[in-house]
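First the structure, in the form of structure tokens, and then the observations on it.
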Amino acid sequence: MAQFKVALIAGSNRRESINRKLAQALARLGAPGLEFKLVQIDDLPIYNQDNEGSLPASVVRFKSEIAAADGIVFVTPEHNRSIPTVLKNAIDWGARPWGKNNWTGKLAAVTGTSPGAIGAALAQQHLRQILGAQGVVLMGGETYITFKPGLIDADNNVTDESVRGFLKSFIDQFAALVARFATPARAAA
Ligand SMILES: Cc1cc2nc3c(=O)[nH]c(=O)nc-3n(C[C@H](O)[C@H](O)[C@H](O)COP(=O)(O)O)c2cc1C
């Protein structure tokens, strides 16, 4: 039985996102004790400090999903050698208002994919910098995935055996980290 809730955040608003596909493949691979949930971010309005007094419903929903998670797996695309706007926007909402930062103390792992040879490596490094500043406790290591057509099939299975093994060890390592260090997730946003 799953003991820990893991929020999967795919940093894309593209219908056919390869990073959402990768997130779904990680959930399909699974790991002992973890229950995965893909958290929507493409319905969040553009962050505006003027709206902090009365948070939009989608923001309240997003912040409560992060608050309820024992761990978070970020799966980021790379846009112009950084993370996409839609992901930075979600991180900003999660960090605000002042005193209501949902990221602080969360256990997280980072991966991502791009068709390029370095598999979103620079975006992942940028993301680590941003999350570290928010007090997120990040799993070490590097999981850069070069996406090739057919890498993940229609049922979210990873078709390449060596990539599948690599991703399985990534998610198993995160399960071990969560089992060792997770404290019960706070319910409130
Ligand atoms: C605005 C923009 C910038 C991009 N910049 C990069 C980049 O710096 N490095 C890279 O490997 N791919 C880059 N790409 C290609 C993306 O890796 C590709 O569009 C990928 O499918 C995005 O992930 P997604 O399908 O999950 O949205 C860029 C794409 C867009 C639209």
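Observations on the structure shown:
- Failed criterion for Glu65 (all others in (1) open to solvent by 20 Å² or more (accessible area, probe 1.4 Å); (2) out of contact with any Phe, Trp or Tyr (no Cβ under 7 Å at 6 or more places or on another chain); (3) touching a residue at least 60 places away in the same chain (Cβ under 8 Å) hold): (3)
- Of the residues making up region 32-42, at least one is touching a Ser or Thr at 6+ places or on another chain (Cβ under 9 Å) and open to solvent by 10 Å² or more (accessible area, probe 1.4 Å).
- As a summary of the residue check, Leu34 satisfies the conditions (1) under 15 Å from the mean Cα position of the chain (by Cα); (2) within 16 Å of the ligand (Cβ to nearest atom) except for the one numbered (2).
- Residue check, Asn13 assigned to a loop (DSSP other than H, G, I, E, B) and either in contact (Cβ under 8 Å) with a residue 40 or more places away in the chain or among the hydrophobic types (A, V, I, L, M, F, W, C) (or both): yes
- Close pairs from region 17-29: first modelled with pLDDT of 95 or more, partner among the charged types (D, E, K, R), Cβ under 8 Å, at least 6 apart: Arg20/Arg14; Arg28/Asp155; Leu29/Arg164; Leu29/Lys168
- Test set (1) in contact with a strand residue (DSSP E or B) (Cβ under 7 Å, 6 or more places away or on another chain); (2) more than 30 Å from Phe147 (Cα to Cα) - Ser64 fails condition number: (1)
- Taken over region 75-126, the criterion of being within 16 Å of the ligand (Cβ to nearest atom), open to solvent by 10 Å² or more (accessible area, probe 1.4 Å) and either touching a Cys at 6+ places or on another chain (Cβ under 6 Å) or on the phi > 0 side of the Ramachandran plot (or both) is satisfied by Asn80, Arg81.
- Filtered by the rule that a residue be under 12 Å from Val110 (Cα atoms), within 16 Å of the ligand (Cβ to nearest atom) and open to solvent by less than 50 Å² (accessible area, probe 1.4 Å), region 141-173 gives Thr143, Ile145, Leu167.
The values are calculated or read from the model by the stated rules, or taken from the named source; none is laboratory data. None of the values given here were measured: they were computed from a predicted structure. Here Cβ is always computed from backbone atoms with ideal geometry, including for glycine, and neighbour counts include all displayed protein chains. For accessibility, only protein heavy atoms count, side chains too; no ligands or nucleic acids. Shrake-Rupley method; radii C 1.70, N 1.55, O 1.52, S 1.80 Å.
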